[in-house]
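> The structure is given below, and queries will be raised subsequently.
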Amino acid sequence: MDKGTGSVSYRESLTRAGGLFASVMQETGPIPLQIRGKIPGWLKGEFLRNGPARFCAGTSLMNHWFDGYALLHRFRIHDGGEVSYRNRFLESEDFCRDQAAGRVMGQQWGTLPGPRDSVLTKFFSTFRQTTPDNTNVNILRAGTRMFALSDFSTMVEFDPETLATKGKLGFADRFGPKFMLSAAHPSIDPETGEIFNVIEPPGRRGKVYVYRLQNGSPKREVLCSINIPRPVYFHSLALTRNYVIVIEQPLQLDVLGLIFARLYNRPFAENLHWEPGTGNRYHICDRRTGQVQTITGPAFFFFHTVNAFQPDDQTIVIDLCRFDDFSINRSFYLDSLGKQGLDARETSRLTRVTLDLARRTAGERRLTECPLDLPRFNMRYSFCEYRYVYGAGLLHEKQNPFVNQLVKADLTTGNADTWSREGCYPSEPMFVERPGAAAEDDGVVLSMVSEPGAGLTRLLVLDAGNLEEIAEAEIPAYIPPGLHGQFYSA
């Protein structure tokens with residue numbers, strides 16, 4: 001992999017957002033990691049992660065955190081508490097094309113292709129729409145296969161052992177490889193293994209298809225279709241034993257703007273418009289019959305749901321990380337992060353939405369005052385009452401350079417335990433339950449922690465009960481903060 005040290009872009013990228021988003025230019029491993037402390041003997045398996053990590057191509061710089069080229073990570077925790085690590089870039093068509101050309105050539109979330117293209121080239125590009133495949137957000141195991149995902153319908157397969165890219169999944173259904181929006185976080189039934197998601201073809205009017213994948217099949221089984229006034233942005237869903245809940249938030253897509261984005265010099269996110277007057281609509285799809293009922297509630301924006309359950313036949317409870325609006329998107333531009341960081345007052349709060357099916361109402365209640373997102377919980381408590389949510393948040397009341405603490409929220413008391421360390425920026429916490437656990441929080445929390453001042457990254461192992469440090473494994477390379485991952489027990 002090229003080091004790119006002579007590139008103007010790379011030199012500039014080292015200072016982006018105070019060095020937090022310095023581009024990774026070289027792959028690492030597989031290597032054994034030096035460990036401080038003692039990793040529990042029962043913790044054995046694979047911790048796979050995904051996230052944006054290279055923010056340049058030749059002389060082109062990415063503008064937004066969500067735009068970086070995907071870097072896959074694999075921590076293997078062996079018997080005896082030893083840890084090995086490797087990373088590898090997802091060799092998507094976007095990545096290979098741009099690195100070969102030495103510049104960004106495709107439309108990104110917050111970045112446009114370089115200025116070399118003529119107006120005529122930009123005009124004709126509107127008739128050659130391609131699906132972005134830099135799937136840098138999440139990881140999904142479907143059957144025996146492993147995929148990288150984003151907010152588009154493309155799923156790029158990779159080898160979980162070597163992290164080598166295998167290529168796009170060829171869906172064997174009527175939609176095929178058509179350009180569509182989707183959710184980067186499918187909902188997975190931990191009891192049946194069924195995978196639920198949505199696909200949304202861009203058009204003047206919106207139409208959302210809720211589908212199910214089973215047993216690693218490439219055929220999407222459509223449960224229902226939902227007509228909506230305009231296409232909107234989805235990032236995650238909610239799932240109970242009986243229902244798939246699709247939350248239509250009023251972040252509407254300007255389809256003409258998207259089609260002519262190159263001509264108008266507008267990246268993808270600039271074609272999303274916040275229209276709170278329509279409120280949020282909760283489309284509740286019956287998993288057995290495909291019938292849909294809809295409830296309307298107040299408008300808010302969210303990326304991530306946590307858990308959902310039904311206390312009784314007429315009530316659905318959905319926990320999610322709630323923003324007042326979509327303004328957080330502006331905060332994730334790298335120039336903005338470098339100048340002002342993140343403001344705790346503008347970030348998400350853990351909120352419970354209660355849907356009353358009989359009265360067709362939606363109520364809200366904040367669960368904790370501590371800023372929290374990138375949520376995880378003990379998946380054994382899916383579909384039922386539970387007590388603890390783990391997430392990443394902000395340490396100070398106002399400005400922070402970036403996400404700088406881990407949080408354990410107690411939904412019963414509203415209190416929160418936290419972990420932080422000066423100059424360290426943790427990624428999404430992953431809860432792993434101890435075999436034979438009797439308590440909901442009996443286990444560990446894993447997080448990949450970026451330390452730009454030291455030029456290295458750590459795998460942090462915390463006691464899930466109190467967030468006290470148990471052990472850490474040091475990667476002798478700097479990796480910027482990433483997004484999501486999964487742990488697969490041995």
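To keep it simple, each residue is scored yes or no on (1) at pLDDT below 95; (2) surrounded by 19 or more Cβ atoms within 10 Å (Cβ to Cβ); (3) not acidic (Asp, Glu).
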position: Ile39; (1), (2), (3): no, yes, yes
position: Gly51; (1), (2), (3): no, yes, yes
position: Asn63; (1), (2), (3): yes, yes, yes
position: Ala70; (1), (2), (3): no, yes, yes
position: Phe75; (1), (2), (3): no, yes, yes
position: Ser84; (1), (2), (3): no, no, yes
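> Right, Gly29: part of a loop (DSSP other than H, G, I, E, B) and farther than 30 Å from Val445 by Cα or not?
It is false that Gly29 is part of a loop (DSSP other than H, G, I, E, B) and farther than 30 Å from Val445 by Cα.
> Out of the stretch 202-233, which residues are in a loop (DSSP other than H, G, I, E, B) and either in contact with a strand residue (DSSP E or B) (Cβ under 6 Å, 6 or more places away or on another chain) or free of Cβ contacts under 8 Å to residues at least 24 places away in the same chain (or both)?
Gln214, Gly216, Arg220, Arg230, Pro231, Tyr233
> Being at pLDDT 85 or above and among the hydrophobic types (A, V, I, L, M, F, W, C) is the filter; apply it to the stretch 259-291 and report the residue that is nearest to Ile318 (Cα to Cα).
The extreme case among them is Ile284.
> Then there is this: Pull out all pairs, ordered by first then second residue, where Cβ-Cβ is under 8 Å, the residues are six or more apart or on different chains, the first lies in the stretch 337-355 and is closer than 17 Å to Tyr425 by Cα, and the second is among the acidic types (Asp, Glu).
What qualifies is Ala344/Glu397; Thr347/Asp373.
> Among the residues of the stretch 320-342, is there at least one that is part of a strand (DSSP E or B) and acidic (Asp, Glu)?
No; the residues of the stretch 320-342 include none that is part of a strand (DSSP E or B) and acidic (Asp, Glu).
> Since Ala308 meets every condition but one in (1) within 30 Å of Gly19 (Cβ to Cβ); (2) not in a loop (DSSP other than H, G, I, E, B), which condition does it not meet?
Failed condition: (1).
> Of all the residues that make up the stretch 272-293, how many are more than 19 Å from Tyr233 (Cβ to Cβ), β-branched (Val, Ile, Thr) and either surrounded by fewer than 17 Cβ atoms within 10 Å (Cβ to Cβ) or under 25 Å from the mean Cα position of the chain (by Cα) (or both)?
2
> Has the stretch 194-204 got at least one residue that is more than 15 Å from Ser153 (Cβ to Cβ) and of a type in the set (S, T, N, Q)? Break it down stepwise before answering.
Our first condition is that a residue be more than 15 Å from Ser153 (Cβ to Cβ); within the stretch 194-204, this holds for 194, 204.
When the remaining residues are screened for being of a type in the set (S, T, N, Q), the result is none.
Taking every residue of the stretch 194-204 in turn, none turns out to be more than 15 Å from Ser153 (Cβ to Cβ) and of a type in the set (S, T, N, Q).
> Mind counting the residues in the stretch 178-199 that are over 30 Å from Asn307 (Cβ atoms) and surrounded by 14 or more Cβ atoms within 10 Å (Cβ to Cβ)?
1
> If you don't mind, another one. Out of the stretch 234-263, which residues are among the acidic types (Asp, Glu) and assigned to a strand (DSSP E or B)?
Glu248
> Can you tell me which residue in the stretch 146-162 is farthest from His235 (Cα to Cα), limited to those that are part of a loop (DSSP other than H, G, I, E, B) and within 19 Å of the chain's Cα centre (by Cα)?
For the stretch 146-162, the residue satisfying everything is Pro160.
> Still on this structure: Test of understanding: among Pro371, Pro452, Pro426, Pro476, which residue is more than 23 Å from the chain's Cα centre (by Cα) and in contact (Cβ under 8 Å) with a residue 12 or more places away in the chain?
Of the residues listed, the single one that is more than 23 Å from the chain's Cα centre (by Cα) and in contact (Cβ under 8 Å) with a residue 12 or more places away in the chain is Pro476.
> In the set Thr240, Thr154, Thr165, which member is among the polar types (S, T, N, Q), closer than 22 Å to Gly68 by Cβ, in contact (Cβ under 8 Å) with a residue 60 or more places away in the chain and touching a strand residue (DSSP E or B) at 6+ places or on another chain (Cβ under 8 Å)?
Thr165 is the lone residue from the list that is among the polar types (S, T, N, Q), closer than 22 Å to Gly68 by Cβ, in contact (Cβ under 8 Å) with a residue 60 or more places away in the chain and touching a strand residue (DSSP E or B) at 6+ places or on another chain (Cβ under 8 Å).
> Restricting the search to the stretch 91-110, which residues are modelled with pLDDT of 90 or more, within 23 Å of the chain's Cα centre (by Cα) and farther than 15 Å from Phe55 by Cβ?
Glu91, Ser92, Glu93, Cys96
> Okay, moving on. I'd like to verify a number: residues in the stretch 180-200 that are outside any strand (DSSP E or B) and either closer than 19 Å to Leu258 by Cα or under 15 Å from the mean Cα position of the chain (by Cα) (or both), how many?
Adding up the residues that qualify gives 4.
> Next question, about the same structure. Go through the residues of the stretch 294-301 one by one and say whether even a single one is loosely packed, with under 14 Cβ neighbours inside 10 Å, in a loop (DSSP other than H, G, I, E, B), in contact (Cβ under 8 Å) with a residue 24 or more places away in the chain and in contact with a helix residue (DSSP H, G or I) (Cβ under 9 Å, 6 or more places away or on another chain).
Looking for residues that are loosely packed, with under 14 Cβ neighbours inside 10 Å, in a loop (DSSP other than H, G, I, E, B), in contact (Cβ under 8 Å) with a residue 24 or more places away in the chain and in contact with a helix residue (DSSP H, G or I) (Cβ under 9 Å, 6 or more places away or on another chain), one finds at least one in the stretch 294-301, hence yes.
> Another question about this same structure. Output the residues belonging to the stretch 292-334 that are in contact with a Pro (Cβ under 8 Å, 6 or more places away or on another chain) and of a type in the set (Gly, Ala, Ser).
Within the stretch 292-334, Ala299 is the sole residue that qualifies.
> Also, quick follow-up: Just name the residue that is modelled with the lowest pLDDT out of those in the stretch 222-253 that are surrounded by fewer than 22 Cβ atoms within 10 Å (Cβ to Cβ) and among the charged types (D, E, K, R).
Arg230
> Here's another thing I want to ask about it. Which members of the stretch 67-90 meet the condition of being farther than 19 Å from Gly51 by Cα, outside any loop (DSSP other than H, G, I, E, B) and among the acidic types (Asp, Glu)?
Asp79
> Looking at Arg204, Arg212, Arg145, Arg141 in this structure, which one is of a type in the set (Lys, Arg), surrounded by fewer than 22 Cβ atoms within 10 Å (Cβ to Cβ) and modelled with pLDDT under 90?
When all the criteria are applied, what remains is Arg204.
> State yes or no: is Asp312 free of Cβ contacts under 8 Å to residues at least 24 places away in the same chain, more than 18 Å from Pro375 (Cβ to Cβ) and surrounded by fewer than 19 Cβ atoms within 10 Å (Cβ to Cβ)?
Spelling it out, Asp312 is indeed free of Cβ contacts under 8 Å to residues at least 24 places away in the same chain, more than 18 Å from Pro375 (Cβ to Cβ) and surrounded by fewer than 19 Cβ atoms within 10 Å (Cβ to Cβ).
The values are calculated or read from the model by the stated rules, or taken from the named source; none is laboratory data. Source: prediction; values computed, not measured. In this analysis, Cβ positions are derived from the backbone assuming ideal geometry, glycine residues included, and neighbour counts consider all displayed protein chains.
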